[in-house]
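> Questions regarding the structure given below will be posed in turn.
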């Protein structure tokens, strides 16, 4: 009995060390080398772009909350297999994630596995970061360093003066080389301290300043208001407001859990309306919500959770497809289920 007790205590101590080690000895990456000031002149030539093929729709596949977890090898495989199936079925022109690509501890191993998987398709891809991505072993800069090095990945860490990692832009051009859509990615961070305690963070003021600079810069550079889509992880509090507003149009999907946004408005939604550029917002975070609504002229859509990791619903797993039509550049959004 004594040996069993000693063995149990030893096992508990080992597990405690294994779990706490990544939190105590977190690996930090290098900061972005990109700089920005609101006084800078916006240059479209500095923004990477994707090209539509002549007379072909442009397809963007959104993967959400893969949440690869070191303790869930079977579920990890199912999530990556589902991502593979979606990419093979849809042949997208671009793949983007809405954050929480990995979670829990020792995320570094899983990030590299995800990179290897997405690189294998030879399709341009990018990510946003979620609240779980950098919660233990590695910080957000480390993630950014890894993603920026991948050959087919268009992720950028973004300006060091703008809070977060992954505030960046990719333009979509038609076959004649004209910008017809801009994809803008933001870091919605993780958690922060409020007067009433810790809760989910919000988009920060210098991110709003940068977003305003980008949208106004595009208009000045092109002489036209360029439509844009926003991608980030944690939904805005306005998504919850929309659900409870009688004037909101429910386009498709369901709300099966709360909207776990920041407890305050960041001001982004109001700025979006003021700027008149962004027409669509895509986020993840709430795994069993797959709702898409039209609220004050803005379509807000939960990306369908990709795979069974963490908590999930068997009926709400897959991806989200955004199609930019070749004839009139209309945007069509639909969920894909498997």
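> List every residue pair whose Cβ atoms lie under 8 Å apart, where the two residues are 6 or more positions apart in sequence or sit on different chains, the first residue falls within segment 287-299 and is touching a residue at least 24 places away in the same chain (Cβ under 8 Å) and on the phi > 0 side of the Ramachandran plot, and the second residue, located anywhere, is buried (at least 20 other Cβ atoms within 10 Å of the Cβ) and part of a strand (DSSP E or B).
Listed pairs, sorted by first residue: none to list.
> Further question: Return the pairs, sorted by first residue and then second, in which the second residue is modelled with pLDDT of 95 or more and buried (at least 22 other Cβ atoms within 10 Å of the Cβ), the first residue lies in segment 310-322 and is on the phi > 0 side of the Ramachandran plot, the beta carbons are less than 6 Å apart, and the residues are 6+ apart or on different chains.
The qualifying pairs are 310/67; 318/304.
> Does residue 148 count as free of Cβ contacts under 8 Å to residues at least 12 places away in the same chain and either assigned to a loop (DSSP other than H, G, I, E, B) or more than 19 Å from residue 92 (Cβ to Cβ) (or both)?
Taking the combined requirement at face value, the residue satisfies it.
> Would you tally the residues in segment 213-242 being surrounded by fewer than 17 Cβ atoms within 10 Å (Cβ to Cβ) and at negative phi?
Of the residues in that region, 9 qualify.
Listed here are the residues, each with its yes/no results for (1) touching a strand residue (DSSP E or B) at 6+ places or on another chain (Cβ under 6 Å); (2) outside any loop (DSSP other than H, G, I, E, B).
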{"site": "235", "(1), (2)": "yes, no"}
{"site": "238", "(1), (2)": "no, yes"}
{"site": "242", "(1), (2)": "yes, yes"}
{"site": "256", "(1), (2)": "no, no"}
{"site": "263", "(1), (2)": "yes, no"}
{"site": "269", "(1), (2)": "no, yes"}
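> Tally the residues that are touching a residue at least 40 places away in the same chain (Cβ under 8 Å), part of a strand (DSSP E or B) and either touching a helix residue (DSSP H, G or I) at 6+ places or on another chain (Cβ under 8 Å) or more than 12 Å from residue 320 (Cα to Cα) (or both), restricting the search to segment 95-109.
Going through segment 95-109 one residue at a time, the tally reaches 1.
> Here is a follow-up. Tell me which residues, restricted to segment 288-311, are in a loop (DSSP other than H, G, I, E, B), out of contact with any helix residue (DSSP H, G or I) (no Cβ under 9 Å at 6 or more places or on another chain) and surrounded by fewer than 24 Cβ atoms within 10 Å (Cβ to Cβ).
288, 311
The values are calculated or read from the model by the stated rules, or taken from the named source; none is laboratory data. Fair warning: this is a prediction, and the values are worked out from it, not measured in the lab. In this analysis, Cβ positions are derived from the backbone assuming ideal geometry, glycine residues included, and neighbour counts consider all displayed protein chains.
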